[in-house]
Amino acid sequence: MEDTNTFSCRELTTANWDDLVGLFGTHGGDGGCWCMYLRSSREDFNDNRGDGNRELFREVVGRGKPVGLLAYVGDEPVGWIAFAPREEYPRLNNFRDYKPLDDQPVWAITCFYTAKRVRRQGVTRFLIENAIRVAGEYGAQILEAYPSEPGEKTNDSDIYTGIYQVFIDAGFKEVARRAPTSPIVRYQIH
């Protein structure tokens, strides 16, 4: 297991866009998603799957607002966490289990991607801890996430929102569970 001190992170910007492309590969992370699933309508997402979503997300990154962090080992990108103010993810409101809990201004952690060679080595926890720090630097007060509770036969695509216990270990508290497998966790930054 690698020591998490070997990881570093950088915010995703247009300057390191190619690092995200290299990490995600030709399929864009999970089947052409390119972190647009919750940022667009179902129709727009499906119409743009793959290259279209990549270009749309590149435009989002080009706006200069926070979108997430890349984790590195040396200069090699090995992990990704997407987070931004919840209003950047309008499709979250379409899911009964994840509708807003209150009128608090929250930021949302929506997905992760980790290179196979460093999985189960603390990349997710490292990225969560740094997302707390960076979101706080942007003035976020509450960071919210929608993790999975994997069963015995869980594949990687089932846990793209992160693992419940990793969030709890990082100091998040469960604040709602509208369905048995749909927890909402929050971290109070300020």
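Would you mind giving the three semi-axes, in whole Å and largest first, of the ellipsoid equivalent to the chain according to its Cα gyration tensor?
22, 20, 17
For the chain, with a Gaussian network of springs between Cα atoms less than 10 Å apart, report the residue from 103, 169, 30 with the top mean-square fluctuation.
So, out of 103, 169, 30, the one fluctuating most is 103.
For the chain, what does -39500 (n - 2.57) per DSSP helix run (n ≥ 4), summed and divided by total residues, give at 222 nm, in deg cm²/dmol to the nearest 500?
Roughly -7000 deg cm²/dmol at 222 nm, from the helical runs in the chain.
Going by Cα centres, segment 102-136 and segment 20-80 are how many Å apart?
Going from one Cα centre to the other spans 15 Å.
Looking only at the chain, where both bridge partners belong to it, what percent of the DSSP beta bridges are antiparallel (to the nearest 5)?
DSSP beta bridges in the chain are roughly 85 percent antiparallel.
Once you have the Kirkwood Rh of segment 34-105 from its Cα pairs, apply Stokes-Einstein at 4 °C and 1.567 mPa s and quote D in µm²/s.
Working: Rh = 13.7 Å.
This corresponds to a translational diffusion coefficient of 94 µm²/s.
Per Stokes-Einstein, at 10 °C and 1.306 mPa s, what whole-number D in µm² s⁻¹ belongs to segment 56-161, with the Kirkwood radius over Cα pairs as the hydrodynamic radius?
Reported coefficient: 106 µm²/s.
Hey, any idea what % of the chain's accessible area is carbon plus sulfur with a 1.4 Å probe?
Heavy-atom surface of the chain belonging to carbon and sulfur, 1.4 Å probe: 47 percent.
May I ask you to derive the FRET efficiency for residue 75 and residue 149 from their Cβ-Cβ distance with R0 = 45 Å, giving the value to the nearest 0.05?
E between residue 75 and residue 149, to the nearest 0.05, is 0.85.
Counting pairs of alpha carbon atoms under 8 Å apart in space and at least six apart in sequence, what relative contact order in percent does the chain give? Write out the running numbers ahead of the final one.
Values: 326 pairs, mean separation 38.2, N = 190.
Relative contact order here is 20 percent.
Which residues' amide hydrogens lie under 5 Å from the amide hydrogen of residue 67, considering only partners 5 or more residues apart or on another chain, with H built in the peptide plane?
12
Spin-label point model (7 Å from Cα, Cβ direction): what's the residue 87 to residue 104 distance in nm?
Roughly 1.8 nm, to one decimal.
Using only alpha carbon positions, build the gyration tensor of segment 1-58, then give the equivalent ellipsoid semi-axes as the square roots of 5 times its eigenvalues, largest first, whole angstrom.
Semi-axis lengths for segment 1-58 are 26, 12, 10 Å.
Sorted by packing (mean other beta-carbon atoms within 10 Å per residue), highest first, where do 75-87, 34-46 land?
For the peptides 75-87, 34-46, the packing ranking is 75-87, 34-46.
Could you calculate the contour length gain from residue 95 to residue 59, that is, 0.36 nm times the residue separation minus the distance between their Cα atoms, to one decimal place in nm? It would help to have the intermediate numbers written out before the result.
Numbers: separation 36, 0.36 × 36 = 12.96 nm, distance 2.53 nm.
That works out to 10.4 nm of additional length.
With each label point set 7 Å from Cα along the Cα-Cβ vector, what nm distance links residue 14 and residue 168?
4.4 nm
Expressed as a rounded percentage, what relative contact order does segment 1-103 have, with Cα pairs under 8 Å and six or more residues apart?
33 percent
The values are calculated or read from the model by the stated rules, or taken from the named source; none is laboratory data. None of the values given here were measured: they were computed from a predicted structure. Glycine also receives a Cβ, built like all others from the backbone with ideal geometry; neighbour counts cover every protein chain displayed. Please note that ligands, DNA and RNA were not included when accessible areas were found on the heavy atoms of the full protein model with its side chains. Shrake-Rupley method; radii C 1.70, N 1.55, O 1.52, S 1.80 Å.
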